[in-house]
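Q: I have a structure here, written as structure tokens, and I will follow up with some questions on it.
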Amino acid sequence: MPTNLAIDDRLIEEARQVGHHGTKKEAVTAALDEYIRRRKQRQISNCSIPSNTAKSTTTRPTATATRSRTIGETARRYLCLVARASS
């Protein structure tokens with residue numbers, strides 16, 4: 001799809017040279033591919049599951065609170081696995 005963009009000539013030329021791209025289009029496409037890949041990696045790295053840390057021993061969570069936390073943690077782990085698999 002044709003798109004007109006006003007891109008700083010200095011930046012596009014430097015990207016073209018650094019990336020050894022023959023055309024401006026190749027440089028922009030490579031830059032967008034890298035941007036998307038890095039964003040996906042960041043999403044996956046943000047999915048790290050924290051280890052269970054000790055809670056205060058003075059209060060004991062109710063069964064409902066424990067079950068909710070477990071369900072939430074399970075859902076989060078599932079979403080992280082899906083994100084890893086799709087990248």
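Q: Tell me, yes or no, whether region 10-17 has at least one residue that is part of a helix (DSSP H, G or I), modelled with pLDDT of 75 or more and touching an Asp or Glu at 6+ places or on another chain (Cβ under 8 Å).
A: Yes; the residues of region 10-17 include at least one that is part of a helix (DSSP H, G or I), modelled with pLDDT of 75 or more and touching an Asp or Glu at 6+ places or on another chain (Cβ under 8 Å).
Q: I need every pair where a residue in region 17-39 that is over 16 Å from T3 (Cα atoms) has its Cβ under 7 Å from the Cβ of a residue that is among the aromatic types (F, W, Y) and not in a helix (DSSP H, G or I), sequence separation at least 6 or different chains.
A: No pair meets every condition.
Q: I need the full set of residues from region 20-75 which are part of a loop (DSSP other than H, G, I, E, B) and modelled with pLDDT of 80 or more, in order please.
A: Of everything in region 20-75, those that are part of a loop (DSSP other than H, G, I, E, B) and modelled with pLDDT of 80 or more turn out to be H20, H21, G22, T23.
The values are calculated or read from the model by the stated rules, or taken from the named source; none is laboratory data. It should be emphasised that the depicted structure is a prediction, and the values quoted were computed from it without experimental measurement. Note that each Cβ is placed from the backbone with ideal geometry, even for glycine, and that neighbours are counted across all protein chains shown.
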